[in-house]
Structure formats: C-alpha cells, structure tokens
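First comes the structure, then the notes that go with it.
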Amino acid sequence: EIDGADPNVNDDVGRLMQAYVNEKCAPHILPYEQQLAGIIVELVGLQEEKMGGELSASDPRRPYYELELERMRWLLRAYLRTRLLKINTHAFTILLSPELKSRLTAAEVEYAEGYVTLVEEHVKA
C-alpha cells in the first residue's frame, strides 16, 4: 500500500479486469458495468489530481503513480473498445433483440442505431 492509498482501488481494478475478460470471452454483449466504470473514472481523476498537486516531478513515488494511472486508463479503454467492437459486429442482432439491447447504455444504443443507419445507407447506394 502506498502512502494511505485506498486498498479498495486494487479490488475495483481487479473487478474491471474481470469484467473486461468476461466481455472479451462472451459470445454476446454483456450488461454494461456502469457503476464499476464510474468508480474507475473517478479513481483516474483522483490519481491525476494527486499527480498534479501532491507529487513533484522529482518525487521517487511518481513513476509508481504514473504506472498505476496508465494501467487504469488502459483497462477502461480496453473494456470500452471491446464493447464497441461487439456493437459494430452485431449491431443488427443487438437492436432486434430487446434482451441484448437492454444491456447497452443509452449512448451505446444511439451509436448502434447510427451505425446501422450508415450501413443501410451504404448498402442502398
């Protein structure tokens, strides 16, 4: 544990890692982990504040904080990219199935609908 760091941070990052692996391995899109993603976004913000204010460039702990920050960012991006790839690949199926559509966020539904519209316009042209 680094200088009073919250021990739950690793639990949250571990849970996001598990959500990412589950999403990557599942054949269909899984329900969005909104609360968990929100926690990670908040943790990234707190880490950025700590990097900007409390830690000087010469602080020997800074590389560890930078590495942890980059790990959280990468994991969140990978999780979201995996979801977008599934939406792109299965947009028609997802939008036709109320069960699958309910697993998307409002922004993801909007994206999928826009994607389907673009594909349909492209095919008609």
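The values are calculated or read from the model by the stated rules, or taken from the named source; none is laboratory data. It should be emphasised that the depicted structure is a prediction, and the values quoted were computed from it without experimental measurement. Please note that ligands, DNA and RNA were not included when accessible areas were found on the heavy atoms of the full protein model with its side chains. Shrake-Rupley method; radii C 1.70, N 1.55, O 1.52, S 1.80 Å.
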For the range 43-60, what does the Karplus curve 6.51 cos²θ - 1.76 cosθ + 1.60, with θ = phi - 60°, yield as ³J(HN,Hα) per residue in whole Hz, taken in order and with x for Gly and Pro? 5, 4, x, 5, 5, 5, 4, 4, 5, x, x, 7, 9, 7, 4, 8, 5, x
Taking only protein heavy atoms into account and a 1.4 Å probe, give the accessible area per residue of the range 69-125 in Å². 64
Express the carbon and sulfur contribution to the solvent-accessible surface of the chain as a percent, rounded to the nearest whole number, probe 1.4 angstrom. 57
Taking θ = phi - 60°, what integer Hz values does the Karplus form 6.51 cos²θ - 1.76 cosθ + 1.60 yield along the range 96-112, in sequence order, with x for Gly and Pro? 7, 9, x, 5, 5, 4, 5, 7, 8, 7, 4, 5, 5, 4, 4, 4, 4
Determine which lysines satisfy two conditions relative to Lys24: a Cα distance under 29 Å, and not lying fewer than 8 residues away in the same chain. Lys86, Lys101
Tell me, in nm to one decimal, what length is gained between Leu46 and Val116 on full extension, where the rule is 0.36 nm per residue of separation less the Cα-Cα distance? 21.5 nm
With x for Gly and Pro, the residue-by-residue ³J(HN,Hα) of the range 65-75, computed from phi through the Karplus equation 6.51 cos²θ - 1.76 cosθ + 1.60 at θ = phi - 60° and given in whole Hz, is 5, 5, 5, 5, 4, 5, 4, 5, 4, 4, 5
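Got the relative contact order for the chain handy, in percent, Cα pairs under 8 Å and 6 or more residues apart? Don't skip to the end; give the middle numbers.
On the way: 74 pairs, mean separation 36.6, N = 125.
Over the chain, the number comes to 29 percent.
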